[in-house]
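Chemist: Mind having a look at this structure? Questions to follow.
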Amino acid sequence: MTEPYVPAHHVPGSPTRGLLPGLVKGLATTARTLARPSHTAEYPDVQPHLPPRSRGVIALLEENCTSCMLCARECPDWCIYIDSHKETIPASTEGGRERQRNVLDRFAIDFSLCMYCGICIEVCPFDALHWSPEFEYAELDIRDLLHEKERLGQWMPTVPVPPALDPGAAEPAEIAAASRPARPARTPRPAPTTARPAGPRPASADPA
Amino acid sequence: MSPALEVVLRTVGVLAAFLVLPLVVGQAEHKVMAHMQGRLGPMYAGGFHGWAQLVADGVKFLQKEDITPAAADRAVFKLAPAVALVPYLVALAVIPLSPGVVAADVDAGVLFVLAVSAVGILGTLMAGWASASKYALLGGLRAAAQLLSYELPIVLAAASVALAAGSVSLTAIAGAWQPSWLLWQLPGALCFLVAAVAELQRPPFDMPVADAEIVFGPYTEYTGLRFAFFLLSEYAGIVVMSLLFTVLFLGGWQGPFSDVLGPLWTLLKAAAVAVVIIWLRVAWPRLREDQLQRLAWLYLVPLALAQLALTGVWVVFTA
């Protein structure tokens, strides 16, 4: 935005002493600034250009949350509130085992306490929490800054796509795993003496 | 046209100019200063680039409580803003925009304007004295000292042009102006401009209201409309001094098509001078009180005297 500050006595040929040169320099500087476009960001009328990975607000992708409580426990100022209960899923097959899963009842972040450290986002094992650049959620009452999961979920569409990988970077683990060729079927051990047609491996039927 | 109607028309004309021009200068200050600092300045009031910012400020000041300090000299305290403001209105009445466009063509116009504008500073002094506040008193006394120091160079510089023109009538001085005056009256013009800025208590000569040292000087105790009057008187002062400088040193209405565009030329030149006064405020820091006195007595007064001597010699040898 502005040039780095260079003291006057370091600029070659610049006036350093005497009354008049300094005064003239002041006039010249202000006149030059007058001729240039101003730096003012007209914020409410023009949206600011935020840098990537701006920490505006924390968005919740509810489907990914397993109520594991890691975020709530790691939060340095304890501003995450989680309530959940267990639900029993009947067995899907006859005679199968019933399973249990966690159901998220409440997920709230108190943004009057949050210090935007991002530890909850770092620690979430299932990518349920994301940084959103959205910052226009000021309230008139500090108590209104406690946002429940519905509101946190509304910010999810504002989460930017992750930045592209650096050229030459290693493939992400998920993609590497998905694109690996399927494991080949095991080839049967060749029979030592008799020529037998290839087929499924005999279950050690051959005493050989 | 009946004389009574003419008086009313002229009065209304001066009053309109007095109400509009200071606001124009004030708005110009907002915008020019902002852009010189890389900002935009007021952008919302009135819609288009904040043109109504000062009107909005006036409405705000109108709604404020009018407070008089308990220990203040009430009558003087309440009168002071009027004493600061009215002289500039009177001065504006006698400054010609062109030979025909002048509310009251006074013969000794130069003397009249200088005397009247010096009365305006009396308002500052009254405010400082009557406020019963140490900051106001300090500021008022600084203003008085400043007036005493800078009235001399301003009068000497004006006397130089009056001598060159052979008249103390503003109309006659601007009429006698030649482009060569720009050169040989230059020291006097610089002297006049510096002293005028000092008389207006504008930065870099705003020690009477130096907010870092004495809060807001004589205006510390003022609120609401009376405070607004002091601010208005500052801008009215810029208008009067710019017009006076234009008429004395820049030839007023002289320029191409001056018989038609005369008043416009005067206003244009005065606007340029006003922008210069604003520019000085943005670019330069405030002087110290002793530096102010040193500048006046060691540089400006000798310079003005030398200009006066030069003009005297010139007039004697050419006339």
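Bear in mind these aren't lab numbers, they're just calculated from the coordinates by the rules spelled out. None of these values were measured; they are calculated from a predicted model. All Cβ positions, glycine included, derive from the backbone under ideal geometry; neighbour counts span all protein chains shown.
Chemist: Rounded to the nearest 0.05, what FRET efficiency do residue A:154 and residue A:126 have when you use their Cβ-Cβ distance and R0 = 25 Å?
Modeler: Values: r = 20 Å, r/R0 = 0.79.
For residue A:154 and residue A:126, the calculated efficiency is 0.80.
Chemist: Need the C-alpha centroid separation for the stretch A:99-170 versus the stretch B:1-52, integer Å.
Modeler: Cα centroid to Cα centroid, the span is 52 Å.
Chemist: When the convex hull of the Cα atoms of the stretch A:81-128 is projected onto a plane and the area is averaged over all directions, what value comes out in nm²?
Modeler: 4.5 nm²
Chemist: For peptide B:278-286, compute the average count of partner chain beta-carbon atoms within 10 Å of each residue's beta-carbon.
Modeler: Rounded to a whole number, the mean comes out at 4.
Chemist: Taking 8 Å as the Cα distance limit and 6 or more residues as the minimum spacing, I'd like the relative contact order of chain B as a percentage. Could the numbers behind the result be given before it?
Modeler: Values: 494 pairs, mean separation 76.0, N = 319.
Contact order relative to length: 24 percent.
Chemist: How tilted is helix B:74-94 with respect to the longest principal axis of chain B? Cα atoms for both, answer in degrees (0 to 90, nearest 10).
Modeler: Taking the Cα atoms of chain B, the angle to B:74-94 is about 30 degrees.
Chemist: Now a separate question. Any lysines with Cα under 30 Å of the residue B:269 Cα? List them, leaving off those in the same chain fewer than 8 positions away.
Modeler: A:25, B:31
Chemist: Measure of size requested: the Rg and Dmax of the stretch B:1-132, with Cα atoms as the atom set and Å as the unit; please supply both.
Modeler: In order Rg, Dmax, the Cα atoms of the stretch B:1-132 give 18.4, 53 Å.
Chemist: Can I get the semi-axes of the stretch B:70-144's equivalent ellipsoid? Compute them from the C-alpha gyration tensor as square roots of 5 times the eigenvalues, in angstrom, largest first.
Modeler: Working through the eigenvalues yields semi-axes of 32, 11, 7 Å.
Chemist: Of the listed peptides B:62-74, A:42-54, B:287-299, what is their order by residue-averaged count of other C-beta atoms within 10 Å, with the highest listed first?
Modeler: Going by the mean number of other Cβ atoms within 10 Å, highest first, we get B:287-299, B:62-74, A:42-54.
Chemist: Could you please tell me the mean projected area of the C-alpha convex hull for the stretch B:164-319, averaged over all directions and given in square nanometres to one decimal?
Modeler: 11.0 nm²
Chemist: Provide the FRET efficiency to the nearest 0.05 for the residue B:101-residue B:132 pair, computing r from the beta carbons and using R0 = 41 Å.
Modeler: Numbers: r = 45 Å, r/R0 = 1.09.
Rounded to the nearest 0.05, the efficiency is 0.35.
Chemist: If you don't mind, there's one more thing I want to ask. Which ordering of B:86, B:273, B:59, A:123 is given by a fewest-first count of other beta-carbon atoms within 10 Å?
Modeler: B:59, A:123, B:86, B:273
Chemist: Here is a follow-up. Under a plain spin-label model, where a point goes 7 Å from the Cα along Cα-to-Cβ, how far apart in nm are residue B:24 and residue B:309?
Modeler: According to this spin-label approximation, the distance is 4.1 nm.
Chemist: Okay, moving on. Using just the helices of chain B, give the 222 nm mean residue ellipticity in deg cm²/dmol: DSSP H runs with n ≥ 4 each add -39,500 (n - 2.57), and the total is spread over all residues, rounded to 500.
Modeler: So the calculated ellipticity at 222 nm is -23500 deg cm²/dmol.
Chemist: Express the C-alpha Rg of the protein assembly as shown as a ratio against the empirical globular expectation 2.2 N^0.38 Å, rounded to two decimals. Present the calculation step by step, with values, prior to reporting the outcome.
Modeler: Numbers: Rg = 39.1 Å, N = 527, 2.2 N^0.38 = 23.8 Å.
The value comes to 1.64.
Chemist: Next question, about the same structure. How many partner chain Cβ atoms sit within 10 Å of a residue's Cβ in peptide A:29-41, on average, as a whole number?
Modeler: Averaged over the peptide's residues, the number is 5.
Chemist: Nearest 10 degrees is fine. How inclined is helix B:3-36 to the longest principal axis of chain B, computing both from alpha carbons?
Modeler: So the inclination is approximately 70 degrees.
Chemist: If all Cα-Cα distances of the stretch B:233-274 are sorted into 10 Å bins from 0 onward, what percent lands in each bin, rounded to whole numbers?
Modeler: 36, 49, 14, 1
Chemist: When you look at the Cβ of every residue in B:30-42, what mean number of other chain Cβ atoms sits within 10 Å?
Modeler: On the way: counts 0, 1, 2, 2, 3, 8, 9, 6, 10, 4, 6, 2, 0.
Average per residue, whole number: 4.
Chemist: OK, next. Please report the spacing between the Cα centers of the stretch B:243-319 and the stretch A:41-64 in Å, no decimals.
Modeler: Centre-to-centre (Cα) distance: 55 Å.
Chemist: To one decimal place, what orientation-averaged projected area in nm² is obtained for the convex hull of the Cα set of the stretch B:3-318?
Modeler: Averaged projected area of the stretch B:3-318's Cα convex hull equals 17.5 nm².
Chemist: Could you check the simple spin-label distance between residue A:88 and residue A:106, using points 7 Å along Cα→Cβ, in nm with one decimal?
Modeler: The modelled label-to-label distance comes out at 2.6 nm.
Chemist: At what distance in nm do the modelled label points of residue A:36 and residue A:164 sit from each other, each positioned 7 Å from its Cα along Cα→Cβ?
Modeler: 3.3 nm
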